1. With 26 Å as the cut-off, how large is the P(r) tail for the chain, expressed as percent of Cα-Cα pairs?
2. Using only Cα atoms, locate the centre of region 34-51 and the centre of region 60-100, then give the distance between them in Å, rounded to an integer.
3. I need to check one value: relative contact order of the chain, counting alpha carbon pairs closer than 8 Å and at least 6 residues apart, in percent.
4. Which value in nm describes the separation of the simple spin-label points at residue 11 and residue 67, placed 7 Å from the Cα toward the beta carbon?
5. Over the chain, what is the percentage of antiparallel beta bridges among all DSSP beta bridges, to the nearest 5?
6. Roughly what would the spin-label model give for residue 32 and residue 104, points 7 Å off Cα along C-beta, in nm?
7. Find how much the distance from residue 88 to residue 18 grows on full extension, using 0.36 nm per residue of separation minus their present alpha carbon separation; answer in nm with one decimal.
8. Sum -39500 (n - 2.57) across every DSSP H segment of at least 4 residues in the chain, then divide by the residue count to get the 222 nm mean residue ellipticity, nearest 500.
């Protein structure tokens, strides 16, 4: 499973990277939404796991740009500490799943396994 992780908080980005790699994922991590858009244009990912609240680009715009820039159907999973209307905007932009903070890692892992995206499933 190839995962693009987009999280602007370095400690959270590091922990999520470790957890994803422990499941056998190949992870590319960035703290920038703009860089994420560039990466999606350069490489293929099975999953984009992104924070909704990034400092350089609104989360719903990031989702739309990922959808426009990907040549395949990449799953977009969103993590957010925001409530409404941000969650609705993420769904409307094309998110496949939205997880609210504090996130239970097992919920994300179960989502990936149900969709045969986790290497250890």
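1. 9 percent
2. Taking the Cα centre of each part, region 34-51 and region 60-100 sit 12 Å apart.
3. Once normalised by length, the contact order is 24 percent.
4. Between residue 11 and residue 67, the simple spin-label model gives 3.4 nm.
5. 5 percent
6. The modelled label-to-label distance comes out at 3.7 nm.
7. This chain segment gains 22.3 nm when fully extended.
8. Working: 5 runs with 52 residues, N = 121.
That comes out to -13000 deg cm²/dmol.
Values in this text are rule-based calculations from the coordinates and carry no lab data. From a predicted model like this one, the values you see are computed outputs, not experimental measurements. Note that we place each Cβ from the backbone using ideal geometry, even for glycine, and neighbour counts take in every protein chain shown.
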